[in-house]
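Asks: Okay, here's the structure, questions in a sec.
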Amino acid sequence: QVQLVESGGGLVQPGGSLRLSCATSGSIFRFYAMGWYRQAPGKQRELVAVITNGGSTNYADSVKGRFTISRVNAENTVYLQMNSLEPEDTAVYYCNARSIASNYWGQGTQVTVSS
């Protein structure tokens with residue numbers, strides 16, 4: 001059974017930073033890509049960033065230059081470093097892992113950007 005455990009969310013002031021973590025149960029190499037999505041109240045879930053097994057990354061235009069996705073294979077963990085946070089970044093952030101057979105989601109972690 002695949003488990004994705006997220007951590008690192010919280011309340012931060014505009015301009016601040018947070019780092020989200022997503023730890024997988026078992027080897028991270030089971031997944032050809034891992035990423036972060038977010039869903040704000042009343043909006044659809046949207047892609048934030050994705051990283052492949054080969055290390056290629058892709059970002060939503062709204063976070064380019066502010067967010068960085070990375071992975072530490074030895075820790076079976078993917079990170080999302082979020083800098084220069086804006087109120088518009090407020091959402092529940094979900095970790096996602098994709099294998100050939102399936103698509104997995106974490107339980108979500110709340111990020112609130114407010115003064």
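Asks: Check each of the chymotrypsin sites (Phe, Trp or Tyr not before Pro) in the stretch 5-98 and keep only those in coil by DSSP with at most 16 other C-beta atoms within 10 angstrom; list them in order.
Replies: Details: sites: 29, 31, 32, 36, 37, 59, 67, 79, 93, 94; in loops: 31, 32.
Hits after loop and neighbour filter: 32.
Asks: Let me cross-check residue 52: its accessible surface, 1.4 Å probe, with only protein heavy atoms counted, in Å² to the nearest 10?
Replies: 50
Asks: Probe of 1.4 angstrom, ligands and nucleic acids ignored: what's the accessible area per residue over the chain, in square angstrom? Don't skip to the end; give the middle numbers.
Replies: Working: 5970 Å² over 115 residues.
The answer is 52 Å² per residue.
Asks: Starting from the stretch 15-115, pick out the trypsin sites (Lys or Arg not before Pro) whose DSSP state is loop and whose Cβ has at most 11 other Cβ atoms within 10 Å.
Replies: Values: sites: 19, 30, 38, 43, 45, 64, 66, 71, 98; in loops: 43, 45, 64, 66.
Here the trypsin sites (Lys or Arg not before Pro) that fit, given the DSSP loop and packing criteria, are 43, 64.
Asks: Given a 1.4 Å probe and the protein chains all in place, what does the accessible area of residue 95 round to, in Å² to the nearest 10?
Replies: 0
Asks: I need to check one value: relative contact order of the chain, counting alpha carbon pairs closer than 8 Å and at least 6 residues apart, in percent. Kindly include the intermediate steps, with their values, before the conclusion.
Replies: Working: 277 pairs, mean separation 42.3, N = 115.
The normalised contact order for the chain reaches 37 percent.
Asks: Got a number for carbon plus sulfur as a percent of the chain's accessible area, 1.4 Å probe?
Replies: Numbers: 2860 of 5970 Å².
Ligands and nucleic acids excluded, carbon and sulfur reach 48 percent.
The values are calculated or read from the model by the stated rules, or taken from the named source; none is laboratory data. All figures in this text were calculated on a predicted structure; none of them were measured in a lab. Backbone-built Cβ (ideal geometry, glycine too); neighbour counts: all protein chains shown. In case anyone asks, the SASA skips ligands and DNA or RNA and just uses the protein heavy atoms, side chains included. Shrake-Rupley method; radii C 1.70, N 1.55, O 1.52, S 1.80 Å.
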